[in-house]
Amino acid sequence: MLAYTVRRLLWTPVLLVAVSLFVFVLGEYGPGDPVEVALGQNYTEERAERLREQRGLNDPVPVRYFRYIGNALKGDFGDSFVFRGRSVAGLLGPKLWVSARLFFAGFAISVGIGVPLGFFAATRQGTWVDPTIVAITLVLLAMPVFIFAPALILLFALNLSWLPVSGWGGFWDTRIILPAVTIGMPGIAVMTRMMRASTLDVLGQDYVRTARAKGLGEFTVRRRHVARNALIPVLTILGFSIAGMLGGALIVELIYGIPGVARFALDSIFSRDFPVITALALIGATALVVANLVVDILYAVVDPRITYR
Amino acid sequence: MATETLQDVFPSDTGPDAGREEERSHSPFRRALGRLLRKKIAVAAMTVLFILYGAGIFAQFVDTHDPNKIDLRATQEGPSWDHWLGTDRAGRDIYSRVVWGLQTTVIITLIGLVTGSLVLGVTLGLLAGYYRGWFDVSVMRFGEVVASFPDVLLIILIAATLRPRIINTTRDFEDWSGIDGIVSSGAVDFFVVGIALLPLSWFGMMRLVRGQVLSLRAMPFVESAQAIGVSTPRMIFSHLLPNVLGPIIVTASFGLGAVAGSEIFLSFLGLGVQPPRPSLGFMINDVTARGAASVSVLQNHPEQLLAPIAVIWALIFCWNLLGDSLNDVFNPRTR
């Protein structure tokens, strides 16, 4: 267990270096000359040369890579090409914070609804409840968010007028409900299916029969012996589902008009604002790598039976 | 040949090559196909997919209007005899646009399947599983790096950085060779989107095939094939490959749904195949992501969304259903 954790911890920086190298190279060989974009109409050869020298763009690639990573570690991703004189970190920071809160809300919904629902379905196997839930999750799984978003807006915001259509007012605001539910929907389906399968698996285990045989109440058996064990495999897919939900979150932000990273990222792509794009890729990949690391280690902590080779 | 006779002497029940003629007629694949066709859900899913893909491939023949013809006298119309599914805000025929959008999705899924999953994923998986060693390690590590990006971020990143570069190169090529219309035909777009979706499809497939091959290597039929000196290509393609075909087909079916979804995602963001070529994602973007304008369209003409959304959902849903059925058929033990 300890050896595994240590190996995982050692491999993570290697992975991060590879990821950052990949992003740096894509940014480096991506189209658009930063100096040309920065100077715009004032472009002349000598000015361009001066600016290149000033920004250290004439240095060899490895030097620039290490400088970039060194600065990135301090939270400095350089300046935006398009918004002159403004740092990428300053531009991205507030938007990332908005996106992160929205994403967290969506993630909480998918786990909070999906896990109990899967458990419920598994304990009702053999009745009509179980196949119904399974069928619903199958239908949900095939629905990309851009189907949900307009459908939910139509139903709850336009026809029923229960909730506001779009906008953002922070975490404790009714305007977060619809987008968060939309982000969480596919996750609910995944969590339900996973939790159902693993609960069914646990229900057939000998220790559950033993627990019942020694006279424990059904509630205690389910809570203490079934649910706890069934949660373990669900933990492993948390990392994957975070990655899977990110794309949905981008679309949701666009459709609901939320001032998060999505609109900004798209605009940066179209205006070729490469420092912004590389910073986003770097932050996203790092977040995912760290999330997976945490899940992996948590997994081994929660279930002492698991020994990684 | 010596190998043939030896195989006749020691027929192996797992190697599909080892069977004689009459055994071959009951090949595992025939039986699997029979079982698949007895599943009503699978047949229904295949029928829907067949219709959708047929409509997409033969878009030229099944459309009723030019998908890009703007008719400002007939905007936002409901379904009618002339416009089966109505018209959008520019008076374009929605039915024809859906059919042409399907064609885009169909082409991309097929490109994605052939290049990403089948060629790259399966080949690398077979080689890595068979040779192991440094090749295996480097492919796996590279895959891990690619997989550590959030899918969408990687897709966006590649689509955004590669497109201008590839388009410029093609323009230069057009100027140099005098061949016109490569860029305007949209072929470059398909190329870019195909490449952008590669990371999505190849690694999962590769990991699966590699794992299967690793466990197959320990089977007696592989050992005996090695013992009689079967050549490496023959080993890989006629002994190992047929034994992993089942899982490959299952994964490919799920993967096609995912690739279709990603294509629509990219075109929704405006990074996919570019207008004037219609695409389903762009049609949805047109109705949903235009701020106040889209709210009014949503409120007054929600039916404009229905067609592209229903088609996308049916496409992904049916690939998933088919994948589930295929899984039952090929891996009966892992329910």
Review point. Just A:Val289, A:Val35, A:Val234 to compare: in a GNM of chain A, with alpha carbon springs under 10 Å, which one fluctuates most?
Key: A:Val35
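Per the helix-only calculation at 222 nm, which mean residue ellipticity applies to chain A, given -39500 (n - 2.57) for every DSSP H run of n ≥ 4 and division by its residues, nearest 500 deg cm²/dmol?
On the way: 12 runs with 218 residues, N = 309.
Helix contribution divided over all residues of chain A: -24000 deg cm²/dmol.
What FRET efficiency do you get for A:Trp11 and B:Phe135 if R0 is 22 Å and r is their Cβ-Cβ distance, rounded to the nearest 0.05? Present the calculation step by step, with values, prior to reporting the outcome.
Details: r = 20 Å, r/R0 = 0.89.
E between A:Trp11 and B:Phe135, to the nearest 0.05, is 0.65.
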Check your understanding: How far is the Cα center of the range B:190-265 from the Cα center of the range A:56-77, in Å?
Key -> 39
Revision key, fill the gap. Computed on Cα atoms only, the convex hull of the protein assembly as shown has an orientation-averaged projected area in nm² of 36.7
Point to revise | Under the Karplus curve 6.51 cos²θ - 1.76 cosθ + 1.60, θ = phi - 60°, whole-Hz ³J(HN,Hα) for the range A:228-238, x wherever Gly or Pro sits | key: 4, 6, 5, 5, 4, x, 5, 3, 4, 8, 4
Review point. Using the beta-carbon distance between A:Asp201 and A:Trp128 and R0 = 25 Å, what value does 1/(1 + (r/R0)^6) give for FRET efficiency, to the nearest 0.05?
Key: 0.70
Check your understanding: Top mean-square fluctuation among B:Asp93, B:Asp66, B:Asp136, Gaussian network model of chain B, C-alpha springs under 10 Å?
Key -> B:Asp66
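Can you tell me which of B:127-133, A:84-90, A:61-67 comes out highest on packing, and rank the rest after it, using the mean Cβ neighbours within 10 Å?
Numbers: B:127-133: 17.4, A:84-90: 14.9, A:61-67: 12.4.
Going by the mean number of other Cβ atoms within 10 Å, highest first, we get B:127-133, A:84-90, A:61-67.
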Revision key, fill the gap. Taking the alpha-carbon centre of each part, the distance from the range A:139-171 to the range B:29-86 in Å is 27
Review point. In nm, to one decimal, how far is the A:Ile297 label point from the A:Arg86 one, both placed 7 Å along Cα→Cβ?
Key: 3.6
**Study point:** Added length on full extension, which subtracts the Cα-Cα distance from 0.36 nm per residue, A:Leu57 to A:Glu36
**Key:** 6.3 nm
Check your understanding: FRET efficiency for B:Ser177 and B:Gln60, Cβ-Cβ distance as r, R0 = 35 Å, nearest 0.05?
Key -> 0.80
Study note, to complete from the structure: Computed on Cα atoms, Rg of chain B relative to 2.2 N^0.38 Å comes out at 1.19
Check your understanding: How about the range A:121-223: which chymotrypsin sites (Phe, Trp or Tyr not before Pro) there lie in a loop by DSSP and see at most 14 other Cβ atoms within 10 Å?
Key -> A:Trp128, A:Trp162, A:Phe171, A:Trp172
Check your understanding: Of A:Tyr4, B:Ala196, A:Thr137, which is farthest along the charge dipole of the protein assembly as shown in the positive direction, counting Lys and Arg as +1 and Asp and Glu as -1 at C-beta?
Key -> A:Tyr4
Review point. Magnitude of the Cβ-charge dipole of the range B:16-169, K/R +1 and D/E -1, about the Cα centre, nearest 20 debye?
Key: 360
Exercise for review: For the range B:195-206, take each phi angle, set θ = phi - 60°, evaluate the Karplus expression 6.51 cos²θ - 1.76 cosθ + 1.60, and give the result in whole Hz per residue in order, putting x for glycine and proline.
Suggested key: 5, 5, 8, 3, x, 5, 9, 6, 6, x, 4, 4
Exercise for review: Kindly list the residues of the range B:53-78 that lie in the label zone of B:Ala187, defined by a backbone N under 20 Å from the point 7 Å along the Cα-to-C-beta vector.
Suggested key: B:57-60
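Every read-out reported here was derived from the displayed coordinates using simple, explicitly stated rules and does not represent laboratory data. Model, not experiment: these values are computed from the prediction. Please note: Cβ atoms are built from the backbone with ideal geometry, for glycine as well, and neighbour counts cover all protein chains shown.
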